[in-house]
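Structure, as structure tokens:
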Amino acid sequence: MITNTFDLIILGGGPAGYLAAERASGAGLNVLIVEQRFLGGVCLNEGCLPSKALLHSAKVFDYANHSEQYGVKVGSVTIDHNAVVERKNKIVKTLVAGIKSKMRQNKVTVVEGTGIITGNNSVKVGDIEYTGKRLLICTGSHPVVPPIKGVAECITNGTVLTNREILDIREIPKKLVVIGGGVIGLEMASYFNSVGSSVTVIEMLPHIAGQTDKEISTILLKNYTDKGVTFKMNCKVTEVTENSVAYESEGKTEIQPADKVLLSIGRRPSTEGIGLETIGVYCEKGAIITDDTMLTNIPNVYAAGDVNGKSMLAHTAYREAEVAVNNMLGKKDFMRYNAVPSVIYTTPEVGAVGETEESAKQKGLDVEVITKPMMYSGRYVAENTRGDGICKIVVDKKQNSILGVHLIGNYASEIIYGAALMIETQMTVDYIKELVFPHPTVCEIIRETLFK
């Protein structure tokens, strides 16, 4: 049996894995990445970035269809879905090639296959065993597949799709049913609604967008409804067939016709079948338990990214990977989650960071909630013929600092980083009021809101 020794073995080549490899190798460690499928993980290959490519095409299509509102007259506008998918594939190929190039430049060894932990410092891939002084588990997550009647069969026959398959379908379905009104479901509902599908979203909760601020999610729901998306709230799916979805609504069974069904009810950490039980790594509800240095209960064994279930976002995974590597190198570093921003890349966009009005009240925090229409931003008015976006800021009365910022409107994805920085550095409201914001920009809405 061939044995290879490394300073660090990383299971998984997604955002947490490849960034950790880059940082660790840059610090002089000899690094091995074991990747089961492809470098870049879900985010780069079948999640964050490919979905944004589709959504951008839909946004351009929407602008073209409504260009007369801006004084631009064009002829008939069509969208070539196959061309959109091909463009997406080229983008993914380019970005994956970039990650591979980085790994080569940093002399990171990449092995394709399933890594199985065989000891505190050993991993087996096929017939080859590798040993490492440290182990970082970054195996990511996978879509939840519920035990709903007909789902398994319809996944096999191609009627039911997950986030992976829906990005590659070549025909726009006439009738698309989305099970789950979370981020993935909403983004794909946005795209397919824009390109011509009749979209119905079935959600168990009384609101969409998960833990998003309720006022924001209500505005988002209205925007979707105005565009023709149908929502079935407080409903439970009971069966899926090749051409329909059955669901319970107020005690009655309803049938929704469907050509394709997107299953998007959440993701689960991928911790099974990798040998965690061999070394006794503690898990809770399928997620690896770590402290704020990303260390597990086993010395020199760390976990970062979706696999620890703390914050299933690629940018969280990046930072968790950095924290893990820094601590491996003897540099004290800690992960903080109070200022991790999140974005829903719909039209309009939603950006959020920190406490919501609801979570602040649940925690008994003494807060002031300030809300202002995005129309207070001159740039927003100039670029929107209609817009019901808002900026909502949660302020800690005692500290006079920001605890949360929530936006719905153009550029929310680009603005929210600034708000995250304000929370991370504990800027006071008075200090933020003295900052000079470029004019005219939509980000000025944060300053405008604080001035009430």
ask   = Out of segment 275-312, which residues are under 22 Å from the mean Cα position of the chain (by Cα), in a loop (DSSP other than H, G, I, E, B) and surrounded by 14 or more Cβ atoms within 10 Å (Cβ to Cβ)?
value = 289, 290, 292, 294, 304, 305, 309, 310, 311, 312
note = Per the filter on segment 126-142, residues in contact (Cβ under 8 Å) with a residue 40 or more places away in the chain and surrounded by fewer than 19 Cβ atoms within 10 Å (Cβ to Cβ) are 127, 128, 129, 131, 133, 142
task = Determine if segment 386-397 includes at least one residue that is without any contact (Cβ under 8 Å) to a residue 12 or more places away in the chain, on the phi > 0 side of the Ramachandran plot and out of contact with any helix residue (DSSP H, G or I) (no Cβ under 8 Å at 6 or more places or on another chain).
result = no
remark   = Here the residues within segment 67-88 that are surrounded by fewer than 14 Cβ atoms within 10 Å (Cβ to Cβ) and in contact (Cβ under 8 Å) with a residue 12 or more places away in the chain are 69, 70, 77, 82
query = If you scan segment 330-373, which residues turn out to be out of contact with any strand residue (DSSP E or B) (no Cβ under 7 Å at 6 or more places or on another chain), loosely packed, with under 14 Cβ neighbours inside 10 Å, on the phi < 0 side of the Ramachandran plot and assigned to a loop (DSSP other than H, G, I, E, B)?
reply = 331, 332, 334, 336, 337, 363, 366
Residue identified as within 21 Å of residue 217 (Cβ to Cβ), of a type in the set (Ser, Thr, Tyr) and either at pLDDT 95 or above or in contact with a His (Cβ under 7 Å, 6 or more places away or on another chain) (or both) among 356, 428 = 356
ask   = Looking at segment 107-198, what helices (runs of 4 or more DSSP H) fall wholly within it and have at least 2 residues that are among the polar types (S, T, N, Q) and over 25 Å from the mean Cα position of the chain (by Cα)?
value = none
inquiry  = Restricting to segment 205-220, give me the number of residues that are among the hydrophobic types (A, V, I, L, M, F, W, C) and touching a residue at least 40 places away in the same chain (Cβ under 8 Å).
reply    = 4
ask   = If you go through segment 371-389 one residue at a time, do you hit one that is within 23 Å of the chain's Cα centre (by Cα), within 24 Å of residue 187 (Cβ to Cβ) and β-branched (Val, Ile, Thr)?
value = no
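The values are calculated or read from the model by the stated rules, or taken from the named source; none is laboratory data. Note that this is a predicted model, so its numbers are computed, not measured. Every residue, glycine as well, gets a Cβ built from its backbone with ideal geometry; the counts of neighbours run over all protein chains shown.
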